[in-house]
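The values are calculated or read from the model by the stated rules, or taken from the named source; none is laboratory data. Computed from a predicted structure; not experimentally measured. Counting neighbours? That spans all protein chains shown, and the Cβs are built from the backbone with ideal geometry, glycine included. Accessible surface is based on the protein model in full, side chains and every heavy atom, while ligands, DNA and RNA are left aside. Shrake-Rupley method; radii C 1.70, N 1.55, O 1.52, S 1.80 Å.
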Amino acid sequence: MRASVMILCALPVAALACGGERVMVPATLSVYPTAVTVIPWQPRQMVPGVRTAEGTVLSGRAVTWSSANPEVAAVDSNGLVIALSSGETTVTASLDTLRAEATITVPGQTQLSDNPIFLASMPQFPGPQPPQWTTRFLLAEGLVTGAQPEPLGEAFDRIGDALRRAGVFEWATYGFGDSGFAMVARLEHIGDDGFPLESRWSAATVGERAFTLQEYLRRLFVAQPGRYRVIVFVVTHHPLVADTAAQATERAARGWLQAGAAALPAELRSLVVPGARTHALVYEFFRPTEDAEPVLVVESRTQGPHHLIRAGLWPEAALLP
Amino acid sequence: MSERTDVTRGQRRLAMVWLTGAGILLLLMIVQTMFGRYGPQASRAWSWLLPTVLPTLSLIVGAVAYEARRQPASATVDRFAYRVALWLSVAYLALVLVTQLMQPVTGLSPLAMMDLSSLWLGPVQGLVGIALGVFFVSRETGSAG
């Protein structure tokens with residue numbers, strides 16, 4: 001009798017001891033949201049939901065993410081979805097034998113350009129392809145620093161710092177396509193060698209040199225040509241092809257500085273664009289006499305990198321991540 | 001009776017002034033064109049200069065040539081009309097030359113300066129034309145005073 005009582009009394013104690021060490025077994029896995037439209041400049045965070053059979057929410061479980069079509073939308077190890085091209089795909093969360101899927105839709109190009117947030121915040125650089133340039137230089141293959149893509153805002157700040165170090169304090173910012181931007185530096189007066197002249201920011205040639213008799217006679221009998229340059233930094237993941245039917249003019253290039261925005265809006269600054277490249281487009285104009293209209297130089301004496309070097313922008317560590 | 005002067009001498013002096021002044025201007029324009037001063041717009045520059053000097057120069061040279069073909073006869077013109085025509089001609093040609101020579105020290109391009117010069121050259125050219133007209137109309141056959 002006494003032994004039976006002791007066993008009976010021990011049973012609840014044993015039961016309590018075993019309950020404290022019970023393992024919660026995931027029974028269901030879900031993903032939120034189950035269907036979503038993702039646009040390139042707005043990555044979307046997917047949230048996994050793990051529950052037991054009783055409905056108890058389990059946290060801290062390592063969920064694996066994958067995308068059925070990474071060319072449409074990619075997903076990182078934390079469930080952050082980045083849209084890359086228009087289309088539809090499925091993002092799958094996996095935990096042991098459990099699976100949960102979400103449908104990701106990336107809208108087409110026309111839908112992207114109709115985005116009211118984008119249009120309302122940024123003027124667009126002449127496009128869809130830029131006007132024919134004099135020379136082009138690819139600054140950076142991608143904006144990647146280490147293993148993480150870089151937000152466009154950091155590239156914008158880096159280019160701005162390089163311009164300021166080179167003595168350029170005026171530029172205009174434009175949107176470029178659906179997920180890029182362009183920075184137009186102020187038009188500058190340069191010599192035949194590509195170096196900025198003393199009258200760098202003036203189109204006038206009078207007063208540039210000391211006024212001597214020799215200088216007077218030179219101005220009286222010889223034409224006073226002028227050479228000008230505009231550097232446009234374009235950050236985009238699209239291939240950059242010039243619109244050869246649209247040749248930029250010096251007057252239009254001056255207008256680029258007036259019509260652009262001062263900075264990137266927050267939507268673009270936080271945008272991460274895998275595969276984006278930084279291009280430097282150089283527009284060089286030559287005016288044979290004071291009365292002639294400057295025309296775009298098709299074959300410059302100065303190559304693309306040398307334009308940047310002589311403008312004081314290259315090699316400029318600030319331009320690289 | 002107004003003072004009068006010999007018409008032949010007056011015409012020849014006017015011709016010398018115009019030939020000298022126009023010659024300097026033309027020579028200046030030729031050298032500038034040869035050195036590419038006006039680039040592809042040289043024709044615009046010449047289109048400014050030629051109407052500025054050639055009409056009056058042609059008139060003066062034609063009058064001198066006509067006078068040279070006539071039988072020598074004593075003819076006079078009003079001396080005041082002659083002096084006005086002479087000095088207005090000098091002033092006009094000097095003004096055209098100064099317009100060309102001052103352009104390098106201004107902020108204007110050559111053609112812009114030429115376009116602007118019509119503001120002052122036009123009225124003076126008109127006065128020169130009137131003065132020369134009075135000079136020729138005041139011609140009389142007779143002895144000089």
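The table for this structure:
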quantity: Among B:97, B:86, B:27, residue whose mean-square fluctuation peaks in a GNM of chain B (springs only between Cα atoms under 10 Å); calculated: B:27
quantity: Calculated [θ] (222 nm, deg cm²/dmol) that DSSP helices of n ≥ 4 give over chain B, each run adding -39,500 (n - 2.57); calculated: -26500 deg cm²/dmol
quantity: Long-range HN-HN contacts of residue A:87 with modeled amide H, under 5 Å; calculated: A:106
quantity: Net dipole in debye of chain B [+1 Lys, Arg Cβ; -1 Asp, Glu Cβ; about Cα centre; nearest 20]; calculated: 240 debye
quantity: Packing-based ranking, highest mean first, of A:234-247, A:216-229 given that Cβ atoms within 10 Å are counted; calculated: A:216-229, A:234-247
quantity: Euclidean distance between Cα centres, segment A:175-205 to segment B:60-97, Å; calculated: 58 Å
quantity: Solvent-accessible area buried by A and B, counting both chains, probe 1.4 angstrom, square angstrom; calculated: 1300 Å²
quantity: For residue A:161, solvent-accessible area (1.4 Å; no DNA, RNA or ligand), Å²; calculated: 60 Å²
quantity: Estimated inter-spin distance, residue B:95 and residue A:24, nm [label 7 Å along Cα→Cβ]; calculated: 10.1 nm
quantity: Net charge over other residues, Cβ less than 9 angstrom from the Cβ of residue B:4 (K, R count +1; D, E count -1); calculated: -3
quantity: Accessible surface, 1.4 Å probe, highest first, among residues A:309, A:82; calculated: A:309, A:82
quantity: Of all accessible heavy-atom area on chain B, the percent that carbon and sulfur account for (1.4 Å); calculated: 69 percent
quantity: Whole-Hz couplings from phi, Karplus 6.51/-1.76/1.60, listed for segment A:64-75; x for Gly and Pro; calculated: 9, 10, 8, 10, 5, 9, x, 6, 7, 8, 9, 10
quantity: Phi-based couplings in Hz for segment A:241-248 (Karplus 6.51, -1.76, 1.60; Gly and Pro marked x); calculated: 10, 6, 8, 5, 7, 10, 9, 5
